[in-house]
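The values are calculated or read from the model by the stated rules, or taken from the named source; none is laboratory data. Keep in mind it's a predicted model, so treat the numbers as computed, not measured. Cβ coordinates were reconstructed from backbone atoms using ideal geometry, including for glycine residues, and neighbour counts include every protein chain displayed. Note: areas computed on protein heavy atoms with side chains; ligands, DNA, RNA excluded. Shrake-Rupley method; radii C 1.70, N 1.55, O 1.52, S 1.80 Å.
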Amino acid sequence: MFNRILIANRGEIALRIIRACREMGIESVAVFSEADRESAHARLADQAICIGPARSAQSYLAIDQVISAAEIGNVDAIHPGYGFLSENAHFNEVCRSCQIDFIGPSPEAMAMLGDKNSARALAKRAEVPVVPGSDGLLEDDAEAVRVASEIGFPVLIKATAGGGGKGMRVAANELVLKSALQQAKNEAQAAFGNAGVYLEKYIERPRHVEVQVIADSAGNVVHLHERDCSVQRRHQKLIEEAPSPRLPEDRRQAMCDAAVRLIREAKYTNAGTVEFIVAPDDSFYFIEVNARIQVEHPVTEMITGVDLIREQIRVAAGQNLSFAQDDIRCQGAAIECRINAEDPSRNFQPQPGKIEHLFVPGGLGVRFDSHIYGGYTVPPHYDSMIGKLIVHRPTREEAIATMRRALAELEVRGIATTAPFHDRVLQHPEFVEGRCDTTFVDRVFLKP
Ligand code: MV4
């Protein structure tokens, strides 16, 4: 097992990883930017190293700075968390060349899945359903016109280097297809340095359901059931839950089996998430793989009882998974609300500033994963998420009641947060009935 791990991240996920290390008897090395000198992750780690100025590009994203800290700290491994360098296959490779274990998949699996078109081709080989569309990247306008007329409009043009909603264009008919294609290519070239695009049938009003998987180097692949992340705004998830409400049992099982087949085909190791969209008729289609631990991993931890960060560290150190598929049950219902330093009454405008007072909710079935404390100043340089409120109860109805109680207990004074918005969602009939799709927030709360 590792003696010392560097955490190449900040905020709540850095704390989450430091806590797992402490429980496993592994020393932790935090890195922090000048803006994070007073942050909890720098204090809770066994050692903390400043890696540069506030701007991410010069600190948390600076590969040379992070690797230097790993050399100074004499660590065996790096946990990248989510965001920042977590899905950077080049960084992953640099770790390997420095003989530092990267806690995640191999650079090869990461690079292959990072290319959405090659991930889609892999899904087809694994007999995982993909949305009807082009066979590989579009060669020219004529091919786009031909494929679109075969599958029917509307169609969605996706950048192969995109993901998470970046570099997508809908085309409603043949008249706008060519210009949408040109725009998508230009955007993709500018944003990713890769103009490759492919085409899919546009699925209207989908739900976003994803399957958590974890694999070890002995070839054991286990799914940990699914999460529904349909409550989102501008591709930022707001609420995630498990299991997915109203998804028929045979669809859930088929989706989880499909995710395992895909991960096996990719020779993927460590934790990953296989994303699907689910059409209104409950048919599901593979979209992409997130080759990292995700923000919403706690809902899966609550329903399965598995410590995902601990398992990530174990399998990265060459140990086998501590459980088999047959050991995994989905127990009860879990919900997570992302608490962001944003003002929902001002179009979710970011709210950096000092937290003058904090009261953290507790009680049966309540978990708060957060790095904030009374007197902490939320810096303006990073993501606005300041905590995750997670509940776990025997039924979804009880989980909603517990979440509303916990949100009412949470007190953050000094800055506005998304907590009041969550309470409005939780009492909306569409959410209560488990009928939200990815258009819910825009349709119900942000109408013009
Ligand atoms: C789609 C789609 C409809 N049809 N693909 C957006 C992010 C990326 N992961 C995939 N996305 C979508 N792909 C087809 N063929 C609709 C979306 C989509 C979406 C997906 C998941 C969660 C939120 C979303 C919000 C808008 C669009």
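In the chain, what percent of the accessible surface is made up of carbon and sulfur (1.4 Å probe, ligands and nucleic acids excluded)?
Carbon and sulfur atoms account for 47 percent of the accessible area of the chain.
Which one, 103, 134, 122, is farthest towards the positive end of the dipole of the stretch 88-144 when Lys and Arg carry +1 and Asp and Glu -1 on their Cβ?
103
With θ set to phi - 60° and the Karplus curve 6.51 cos²θ - 1.76 cosθ + 1.60, what are the ³J(HN,Hα) couplings of the stretch 196-208 in order, to the nearest whole Hz, using x for Gly and Pro?
Computed from phi, the couplings for the stretch 196-208 are x, 9, 9, 10, 9, 4, 7, 8, 8, 6, x, 9, 9 Hz.
Ordering 202, 382 by how much accessible area each has at a 1.4 Å probe, largest first, what is the list?
202, 382
From the backbone phi of the stretch 424-433, what are the Karplus-calculated ³J(HN,Hα) couplings (6.51 cos²θ - 1.76 cosθ + 1.60, θ = phi - 60°) in whole Hz, Gly and Pro given as x?
Karplus-based 3J(HN,Hα) across the stretch 424-433 equals 5, 4, 5, 9, 6, x, 5, 6, 4, 7 Hz.
Considering amide H positions built from the backbone, and no H for Pro or chain starts, which residues 5 or more places from residue 287, or on another chain, come under 5 Å of its amide H?
275, 276, 277
For the stretch 207-444, what proportion of DSSP beta bridges, expressed in % and rounded to the nearest 5, is antiparallel?
Percentage antiparallel, nearest 5: 100.
Taking the Cα centre as origin and putting +1 on Lys and Arg beta-carbons and -1 on Asp and Glu beta-carbons, what dipole magnitude results for the stretch 132-201, to the nearest 20 debye?
Rounded to the nearest 20 debye, it is 300 debye.
When the chain is modelled as a GNM with alpha-carbon springs shorter than 10 Å, which of 48, 172, 111 fluctuates the most?
Checking each option, the largest mean-square fluctuation is seen for 172.
Cut-off under 14 Å on the C-alpha distance; same-chain residues fewer than 8 positions from residue 166 excluded. Which aspartates and glutamates are left, in chain and number order?
115, 187, 288
Would you check the accessible area of residue 239, probe 1.4 Å, heavy atoms only, in square angstrom rounded to 10?
0 Å²
Name the aspartates and glutamates eligible as straight-distance cross-link partners of residue 124: C-alpha to C-alpha under 12 Å, and not fewer than 8 places from it in the same chain.
Cross-link targets: 135, 265.
Determine the dipole magnitude for the stretch 226-320: charges of +1 sit on the beta-carbon of Lys and Arg, -1 on that of Asp and Glu, nothing else is charged, the reference point is the Cα centre, and the result goes in debye to the nearest 20.
Once rounded to the nearest 20, the dipole reads 340 debye.
List the residues, sorted by chain then number, that are 5 or more residues from residue 353 or on another chain and whose placed amide H is less than 5 Å from its amide H.
378
Return the inverse of the average 1/r over all pairs of distinct C-alpha atoms in the chain, which is the Kirkwood hydrodynamic radius, in Å to one decimal.
22.6 Å
How large is ³J(HN,Hα) for each residue in the stretch 92-109, as worked out from phi by the Karplus curve 6.51 cos²θ - 1.76 cosθ + 1.60 (θ = phi - 60°), to whole Hz, x for Gly and Pro?
Result, ordered by residue: 3, 5, 4, 4, 4, 5, 9, 6, 10, 6, 8, 7, x, x, 5, x, 5, 4 Hz.
So if I restrict to the alpha-carbon atoms in the stretch 1-150, what is the Rg, and what is Dmax, the biggest pairwise distance, in Å?
Radius of gyration, then largest Cα-Cα span, for the stretch 1-150: 19.7, 60 Å.
In square angstrom, rounded to the nearest 10, how much accessible surface does residue 285 have for a 1.4 Å probe?
50 Å²
If amide hydrogens are placed 1.01 Å from N in the peptide plane, which non-local residues have theirs closer than 5 Å to the one on residue 385?
It is 341, by chain and number.
Taking 0.36 nm per residue of sequence separation and subtracting the Cα-Cα distance, how much length would be gained by fully extending the chain between residue 428 and residue 327, in nm to one decimal?
Using 0.36 nm per residue and subtracting the Cα-Cα distance, I get 32.8 nm.
Determine by what factor the alpha-carbon radius of gyration of the stretch 207-444 differs from 2.2 N^0.38 Å, reporting the quotient.
1.02
Pairs 116/201; 354/447; 185/237; 267/388; 201/388: which exceed 24 Å Cα-Cα?
354/447; 185/237; 267/388; 201/388
Size of the dipole of the chain about the Cα centre, Lys and Arg at +1 and Asp and Glu at -1 on the beta carbon, nothing else charged, in debye to 20?
Approximately 700 debye in magnitude.
Given a 1.4 Å probe and the protein chains all in place, what does the accessible area of residue 102 round to, in Å² to the nearest 10?
Solvent-accessible area, nearest 10 Å²: 20 Å².
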